[in-house]
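Report on the structure given below.
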Amino acid sequence: MRKKLFFTSILTSFFIFNSCQENDAIKPNIVWLVIEDQSQYFFPFYGDDTIELQNINQLLDNGIVYEGMNSPYPVCAPSRSAIITGMYPNSIGTGNQRAYSYYRAEREEHEKQLGFPFYSSKFAEQIKPFTQILRENGYYTSNNDKEDYNFKLTNEAWDDSSSNASWENREADKPFFSVFNFGITHESQIWLRDEHELQVNPENLKVPPFFPNDSITRHSMAVNYSNILEADKQIGIIIKRLKEQNLYDNSYIFFYSDHGGPFPRHKRAIYETGSKVPMIIKFPKSINIKDKRNRDLLNFIDFAPTILSIAGIDIPEIYQGRAFLGSNKNKNKRKYLFTASDRFDEIPEKIRASKINKVQVY
C-alpha cells in the first residue's frame, strides 16, 4: 500500500511539474519598442514617403498597422501613467504634468531642500501596475529605462528598470516582458541635434497646412525625420538581438509612440496630431495575420488589460481599459474615446475635443 501511494505521489508530482512547464512554455514573450513625441503622418506605413524605415518595416511581415490608437493625454507623464495602470489619468490624479519627478537624484535633492517628499498620487489598493501582475504570474519584466509615470511606482513593478535592463538578464527560459524606450525622437532633440548632419533634404518635405512654410519649419521637420531614422537604427539592434537568440519569430513586438508629435499643435494639444500615435504589432509566427490594418478606436488604457490577456492572466475589474487581443479580448468595439489636455506648467487649457465614429478633430 505504501509503495502504491509512493508511486502515485511520484506520478502526481511528475504531471504537476510537466503541467507547470507546459504553462510556462505557452506564455508568450512580449517586447515594446517605444519612441517619443511622434504623430502618424511622419511614417511610411501611414502614407508618408519621406523616409524608409528598414528595421521598423520588418514588423509588418506578420504585423498589423493600427490607425486608431490614442493617448488619453498628449504629454509624457500622464500618458505613461495610463499605460502602466490601465486607468484614465483623470481618474487617478495623474493629469498634472509634472506632479512627480522621475529623476531620482533630482527628486532626492529637491526633497532634501524642501524638507518634505514630492507629491505622488495615491491609488486604490486594487490598482496594480500590470507589470507587477505579470511578475506575480511568472514573467520577468524589464524597462530600459524611462519611467515618468507621474507617481511613485512600487518596487514590485519591475525586475529591472535601468539603462542595462533587458530580457537577456533573466533566468533561462523564463517568459519576459521587455520595454525599450528611444528618446532620440523626443521634442528636445529638435534643438539638441539642430546642427547634426541631416539625413533628408528640407526642400523636399511636405509642410502641413497649419505650419508656416519657411526655412525654419523645413529644417526642424528635417531634423525630426533624421531623428526617426536614427531611432530606426537603434530599433534594428534590438530586432537583431532577438533574431540571434531565436526569440523574434515567437514574440509579440509592439512599436508605438508615447503621444503625438514634437511640434506646435502636436504634443500637449488635444487635436489628433497630439493624441493619435503610430503603432504596429508584430505577432508570433504561429498566428496568421490576414487583415494588415486595424481601424478600431483604441486608447493607452487598453495596453494593460491587453498584455495580461495575451499572457492568459485575469484582468483586474478596476481597469478602465479593454483588451483588444488575447484570450480575454473584449468583443465590444468603442464608439467613442476620451482625451484630455490640462495643467501643463500650471496653465489651464480651455479646449475640448471628441472623436465619435468618423468625426475627427484636426
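Before moving on, here are some points about what is shown:
- Top-ranked residue in the range 46-64 [being surrounded by fewer than 19 Cβ atoms within 10 Å (Cβ to Cβ) and among the hydrophobic types (A, V, I, L, M, F, W, C); ranked as nearest to Tyr149 (Cα to Cα)]: Leu60
- Each residue in the range 178-196 was checked for being assigned to a helix (DSSP H, G or I), polar (S, T, N, Q) and surrounded by 13 or more Cβ atoms within 10 Å (Cβ to Cβ), and 2 of them qualify.
- The one condition in (1) modelled with pLDDT under 95; (2) surrounded by 13 or more Cβ atoms within 10 Å (Cβ to Cβ) that Pro209 fails to fulfil: (2)
- Sole residue being over 20 Å from the mean Cα position of the chain (by Cα) and either modelled with pLDDT of 95 or more or within 30 Å of Glu136 (Cα to Cα) (or both), chosen from Ile228, Ile190: Ile190
- The one condition in (1) closer than 19 Å to Asn181 by Cβ; (2) part of a helix (DSSP H, G or I); (3) touching a residue at least 60 places away in the same chain (Cβ under 8 Å) that Glu106 fails to fulfil: (3)
- Which numbered condition Gln199 fails, given (1) in a loop (DSSP other than H, G, I, E, B); (2) closer than 16 Å to Thr273 by Cβ; (3) in contact with a Leu (Cβ under 6 Å, 6 or more places away or on another chain): (2)
- Arg218 falls short on exactly one of the conditions (1) in contact with a Phe, Trp or Tyr (Cβ under 7 Å, 6 or more places away or on another chain); (2) charged (D, E, K, R); (3) over 16 Å from His186 (Cβ atoms), and that condition is (1).
- The residue pairs whose first member lies in the range 126-142 and is over 13 Å from Ile315 (Cα atoms) and buried (at least 23 other Cβ atoms within 10 Å of the Cβ), whose second member is modelled with pLDDT of 95 or more and β-branched (Val, Ile, Thr), and whose beta carbons are closer than 6 Å, counting only pairs six or more residues apart or on different chains, are Thr141/Thr131.
- The criterion of being β-branched (Val, Ile, Thr), out of contact with any Lys or Arg (no Cβ under 7 Å at 6 or more places or on another chain) and either crowded, with 17+ Cβ neighbours inside 10 Å or on the phi > 0 side of the Ramachandran plot (or both) holds for Val277.
- Which numbered condition Tyr102 fails, given (1) under 21 Å from the mean Cα position of the chain (by Cα); (2) at pLDDT 95 or above: (2)
- Residues (among the aromatic types (Phe, Trp, Tyr) and out of contact with any strand residue (DSSP E or B) (no Cβ under 6 Å at 6 or more places or on another chain)) located in the range 179-238: Trp191, Phe210, Phe211, Tyr225
The values are calculated or read from the model by the stated rules, or taken from the named source; none is laboratory data. The structure displayed is predicted, hence computed values, not measured ones. All Cβ positions, glycine included, derive from the backbone under ideal geometry; neighbour counts span all protein chains shown.
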